[in-house]
1. Out of Lys328, Lys301, report the one residue that is of a type in the set (Lys, Arg) and closer than 20 Å to Gly174 by Cα.
2. Has the range 378-389 got at least one residue that is part of a helix (DSSP H, G or I), touching a Ser or Thr at 6+ places or on another chain (Cβ under 8 Å) and charged (D, E, K, R)?
3. Of all the residues that make up the range 84-141, how many are at pLDDT 95 or above and assigned to a strand (DSSP E or B)?
4. Would you call Ser335 part of a loop (DSSP other than H, G, I, E, B), over 17 Å from the mean Cα position of the chain (by Cα) and farther than 13 Å from Ile171 by Cα?
5. Can you tell me which residue within the range 63-87, out of those that are open to solvent by 70 Å² or more (accessible area, probe 1.4 Å) and of a type in the set (D, E, K, R), is nearest to the chain's Cα centre (by Cα)?
6. Could you grab me the full set of residues in the range 143-157 that are outside any loop (DSSP other than H, G, I, E, B) and either open to solvent by 10 Å² or more (accessible area, probe 1.4 Å) or out of contact with any Leu (no Cβ under 7 Å at 6 or more places or on another chain) (or both)?
7. Can you work out which of the residues in the range 349-361 that are touching a Leu at 6+ places or on another chain (Cβ under 9 Å) and modelled with pLDDT of 95 or more is least open to solvent (accessible area, probe 1.4 Å)?
Amino acid sequence: MNDALKRWMDKSSEINERAASAAVNAFDWLFNKESLVKSGKTPYTVIHTGDPMSVRYYDLADEEIPLADGSLLAVNKKKLGIPLVLVPPLGVTTETFDLMPNRSLVRYMAARGFRTYLIDWGTPERRHAALSMRDYADRLMAEALQAVREHSGQQDVNLMGWCMGGLLALIHAGLPDTQGIRSIVTVASPIDMRGGGLIAGVSRIINTPAKFIAHYTDFRLNKLNPESFHAPGWVTALAFKLTDPIGSITTYWDLLVNLWDREFVESHSTTSDYLNHMLAYPIGMVGDMFTKVAMHNQMAKGEFVLERDRVSQFSRIQAPMYVFAGSKDVLVGASTAEHVLDVVGSTDKRFEVAPGGHMGVILGSSSQRAVWERAANWLEQRSDAPVAAKRRAPARKMASTVAAKAPSRRSKAAAGA
C-alpha cells in the first residue's frame, strides 16, 4: 500500500469517526441534554439550613482531581487550620463554583487542603423580594459564618467572593461588631462606580436623571411594594447575555464546528445550562444597589449604610486582602475593582489583573493558574492555625454525591485572553 493511499484511508477513518461522534453528541444535545451537563458533581454536606440561605461543606475522598489543562492534582489530606468560605453572588446557582469536575473551585480548594465551605444563597421566591443588603451582608452572612465556626471549631475564617459575593464579604467585614475575618479575596467585585467597565458606565448615565427624579418628585424606589416587582430568573439570564450578545450567538457556531468533540459539547452544554438557569434577584437588593451604589457611590467612599444605625466602614477592615480583576471584563473594569485597596484599613494588600472576562476570570480554564492557584498559595500563608480539638457540630442535613448536578500592591498577571 503506497503512502498516499494510506493517508487517504487514515483521513477517511478519522472523518467517519468524527461523523459518528457528532451524530451521537447531536442526539444527546437534542434529546438527552441532562447527560451532557456536568455541573454540581462534587459531593458535599449541608451543615446549616436557613431561609433561603444554607451552607455546604466539601470534603474530598479522592486521591487526586483533574484540572482543565489535563493534569492531575494530588489531594492534600492534611487540612489547613483556617476554614475557607466561598461567597457567590446573587442571581446565580451554586454551580458557579462547581461548574465541571475539572473546573470546580470548591473541588480545587478542598484538594489544596482547605476546609472548604460554600454559602448557598438559595432560590429567592416572591416572599423574599424585600430582602436587602442588610439581610444578606449582615444577618445571613453572620448566620452562615457562625455555622462554619461551629462546624470547623475555628473562630477565624477566610473569605473569597466573586462579583457581588466579594461586596457582601467586604460589607460584612466592615461592620463594627464583625470579628474573626483572617483574610479576604475578591474577584471582579465593583467598588468605584465612577471607574471603568459597563456597570460603572451605566451608573454614570443614570446618575443625573435619577438624582433629578429624587429631587423634584416623591418617587422613591425603596417605597415600592417589593413583591409587585418580583422578576423571574430568566430576566437575570437575559441581562447577563445582553452584555455580550454577539458571543451569545457565536457560541452555537462553535458548538456546531466542534460537535464531534464530546468534551467540548459537555463544556458548552454545562455552561449554557448554567446561564439559562439563573435566579431571581430580590428587588430589595436592586433598590440598595441602585441608590446606594450606583447613585451615591457609597462603596468608593469606603462605607455602606445598611440602615441609619448600621454602617459598614471599610477602614475597619484590617484583614489581608488579595483583589483580582479580569483583563477583558466589560462589566467591572480593573480600576473599578482595585479602588477597594484605597479605602480598606489593611496594610497587607495586593492587586492583580488576570486573564478573562467577568465570568472567565473565575470560571475559565485559565483561572485555575491565574487566580485559583495564586489565591490558594496566598491564603495558605495566612491559614496557619491549630485545628481545634473539639468535635465538629453534627450536620443538620446530609447530601450525598450530587448525581445530577506585604507584597507589592499591584502586580499584573498575563493579560491574554
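1. Values: Lys328 fails: closer than 20 Å to Gly174 by Cα.
Only one candidate qualifies: Lys301.
2. Checked the range 378-389: no residue is part of a helix (DSSP H, G or I), touching a Ser or Thr at 6+ places or on another chain (Cβ under 8 Å) and charged (D, E, K, R).
3. 9
4. Details: part of a loop (DSSP other than H, G, I, E, B): no; over 17 Å from the mean Cα position of the chain (by Cα): yes; farther than 13 Å from Ile171 by Cα: yes.
So Ser335 does not fit the description; no.
5. This residue is Asp69.
6. So the first thing to find is which residues in the range 143-157 are outside any loop (DSSP other than H, G, I, E, B), and the list is 143-152, 157.
Selection gives Glu143, Ala144, Leu145, Gln146, Ala147, Val148, Arg149, Glu150, His151, Ser152.
7. Looking at the filtered set, the residue picked out is Phe351.
Listed here are the residues, each with its yes/no results for (1) aromatic (Phe, Trp, Tyr); (2) touching a Leu at 6+ places or on another chain (Cβ under 9 Å); (3) modelled with pLDDT of 95 or more; (4) over 30 Å from Ser366 (Cα atoms).
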residue: Met9; (1), (2), (3), (4): no, no, no, yes
residue: Ser35; (1), (2), (3), (4): no, no, no, no
residue: Lys38; (1), (2), (3), (4): no, yes, no, no
residue: Thr42; (1), (2), (3), (4): no, yes, yes, no
residue: Thr45; (1), (2), (3), (4): no, no, yes, no
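The values are calculated or read from the model by the stated rules, or taken from the named source; none is laboratory data. What you are looking at is a predicted structure, and each value in this text was computed from that prediction instead of being measured. Cβ atoms come from the backbone with ideal geometry, glycine included; neighbour counts cover every protein chain shown. Only protein heavy atoms, including side chains, enter the accessible area calculation; ligands, DNA and RNA are left aside. Shrake-Rupley method; radii C 1.70, N 1.55, O 1.52, S 1.80 Å.
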